[in-house]
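Some notes on the structure that comes next.
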Amino acid sequence: MEPHDEEAAYWVGLGQTRLIGPVRLRRLVERFGSAEAVWRAPESALRAVLDGAALASLLRTRAALDLEREMARIHQVGVAVLTLVDPRYPRLLREIPAPPPVLYLRGELAPEDETAVGIVGTRRATSYGREVAARLGGELAAAGVTVISGMARGIDAAAHHAALEAGGRTIAVLGCGPDVIYPPEHRALAARIIDRGALLSEYPPGRKPDATNFPARNRIISGLSLGIAIVEAPERSGALITADFAADHGREVFVVPGSVLSANSEGGLRLLRDGARLIRSAADVLEDLQLGTMGAIAVQQTLPLGEEERRVLAALSREPQHIDEIAGVADLPIAEVSARLTMLELQGLVRNAGALHYARA
């Protein structure tokens, strides 16, 4: 294995160990110093920090799982591995309370994916719900916002399709392995998403969809997004679980109003009563998230970013940073960074905060 693969392999091994979830895995790595140190730690050292069931599970996994063979299997099906210590790991997702220690990826993540909005709703969508989800997904994508959803039937599929038709980016977060397409009729959609975004999962290749996987999946949709738009959610709905995660993560919760006579509107109407933001279009979302007007943000797509501009943009956050700090993170000369910041500011991607401090717009 390559050195970076070897490091990731230990995260993969720990991530596939039953009874060691995201929080416990992170604490283990902090205590021992690295995933490799945890994986290789003697039983006596592990016994001091793990209960009997978790310890037995880890020892069984270490004995049974050939890490080199597992990494080869993962790469063979075209899947990349991102871990919490990988600089490519999504920054917004890393900030939530229990980020997945390992992400399995098909496709590519891009710096502009930090400007993302989730669109979720019922699988049993009405024609009204599908039309609204499509309008939201298409308008947001056309404005340079990455659309996040779960590739399920109904609202999710409508949002993904519309984002792709608008020429934008979209990411599907799965409740199964990234090589397992569910529902199976979405194979063509999955291929298009891989081409214009990514399929993401915390489950390794080959993992079948299971009902218990999907609530945990919803925290990733929220974690990747600046806000979540709910389109048609019954009173008992996975979309409401996503909304709960969004509230916990400090993300905005948006709701498209529906008929008070429709069961599909019950969950959304309750969210509105509890203080969620009512939206009628993508323009409302962009305004509430302070992402500018649709016309201004659409300029981003008319001027493609070069490699240096992508590096500068990736180095920025929403809090102002001094140009010296930006140059250090981007690993570029200050004069080059200054020129790129000017171009990005003209495109509406960067905000000049004064005194040589810049932030994402």
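Looking across region 227-250 at every residue that is over 17 Å from the mean Cα position of the chain (by Cα) and of a type in the set (D, E), the one that is surrounded by the most Cβ atoms within 10 Å (Cβ to Cβ) is identified as E232.
Is at least one residue of region 28-40 among the β-branched types (V, I, T), at pLDDT below 95, on the phi < 0 side of the Ramachandran plot and not assigned by TED's automatic domain parsing to the domain that holds I194? There is no residue in region 28-40 that is among the β-branched types (V, I, T), at pLDDT below 95, on the phi < 0 side of the Ramachandran plot and not assigned by TED's automatic domain parsing to the domain that holds I194. The residues of region 275-290 that are assigned to a loop (DSSP other than H, G, I, E, B) and either in contact with a strand residue (DSSP E or B) (Cβ under 9 Å, 6 or more places away or on another chain) or at pLDDT 95 or above (or both), listed by number, are G275, A276, I279, L289.
Scan region 312-350 for residues that are without any contact (Cβ under 8 Å) to a residue 24 or more places away in the chain and either on the phi > 0 side of the Ramachandran plot or within 24 Å of the chain's Cα centre (by Cα) (or both) and the total you get is 4. Residues in region 345-361 that are buried (at least 17 other Cβ atoms within 10 Å of the Cβ) and small (G, A, S): G348, A361.
Given the residues I171, I148, I194, I220, which is the only one that is in a helix (DSSP H, G or I), within 13 Å of the chain's Cα centre (by Cα) and in contact (Cβ under 8 Å) with a residue 12 or more places away in the chain?
On the way: I171 fails: in a helix (DSSP H, G or I); I148 fails: in a helix (DSSP H, G or I); I194 fails: within 13 Å of the chain's Cα centre (by Cα).
Unique residue meeting the criteria: I220.
When the residues of region 155-168 are filtered to those that are surrounded by fewer than 24 Cβ atoms within 10 Å (Cβ to Cβ) and in contact (Cβ under 8 Å) with a residue 60 or more places away in the chain, which remaining residue is nearest to the chain's Cα centre (by Cα)? Checking each candidate, the answer is G168.
Specify which of the listed residues (A233, A239) is closer than 22 Å to R94 by Cα and small (G, A, S).
Values: A233 fails: closer than 22 Å to R94 by Cα.
Every option except A239 fails the conditions.
Here are L189, L200: which of them is surrounded by 16 or more Cβ atoms within 10 Å (Cβ to Cβ) and part of a helix (DSSP H, G or I)? Quick ask: steps written out before the conclusion?
Numbers: L200 fails: part of a helix (DSSP H, G or I).
Checking each option against the conditions leaves just L189.
Among the residues examined, Q301 does not qualify as at pLDDT 85 or above and not basic (K, R).
Which count do you get for residues in region 80-136 that are outside any strand (DSSP E or B), small (G, A, S) and surrounded by fewer than 21 Cβ atoms within 10 Å (Cβ to Cβ)? If you could, list the steps in order and put the result at the bottom.
Of region 80-136, the ones outside any strand (DSSP E or B) are 84-101, 108-115, 122-136.
Going one step further and asking which of them are small (G, A, S), we end up with 98, 110, 125, 127, 129, 133-134.
With the extra rule that they be surrounded by fewer than 21 Cβ atoms within 10 Å (Cβ to Cβ), the set shrinks to 98, 110, 127.
Within region 80-136, residues that are outside any strand (DSSP E or B), small (G, A, S) and surrounded by fewer than 21 Cβ atoms within 10 Å (Cβ to Cβ) number 3.
Return yes or no: is A56 surrounded by fewer than 15 Cβ atoms within 10 Å (Cβ to Cβ), at pLDDT below 95 and farther than 13 Å from L14 by Cβ? So A56 fails the test. Considering region 223-263, the residues that are assigned to a loop (DSSP other than H, G, I, E, B) and β-branched (V, I, T) include one that is modelled with the highest pLDDT, namely V256. All conditions but one from (1) surrounded by fewer than 20 Cβ atoms within 10 Å (Cβ to Cβ); (2) under 21 Å from L240 (Cα atoms); (3) more than 14 Å from the chain's Cα centre (by Cα) apply to G206; the one that does not is (2). When P215 is tested against (1) over 21 Å from V145 (Cβ atoms); (2) surrounded by 19 or more Cβ atoms within 10 Å (Cβ to Cβ); (3) within 16 Å of the chain's Cα centre (by Cα), just one condition goes unmet, and that condition is (2).
It is to be established whether one or more residues within region 270-292 are in contact with a Ser or Thr (Cβ under 8 Å, 6 or more places away or on another chain), among the small types (G, A, S) and more than 20 Å from A125 (Cβ to Cβ). Yes, because at least one residue in region 270-292 is in contact with a Ser or Thr (Cβ under 8 Å, 6 or more places away or on another chain), among the small types (G, A, S) and more than 20 Å from A125 (Cβ to Cβ).
The values are calculated or read from the model by the stated rules, or taken from the named source; none is laboratory data. The structure displayed is predicted, hence computed values, not measured ones. Cβ: placed from backbone, ideal geometry, glycine included. Neighbour counts: every protein chain shown.
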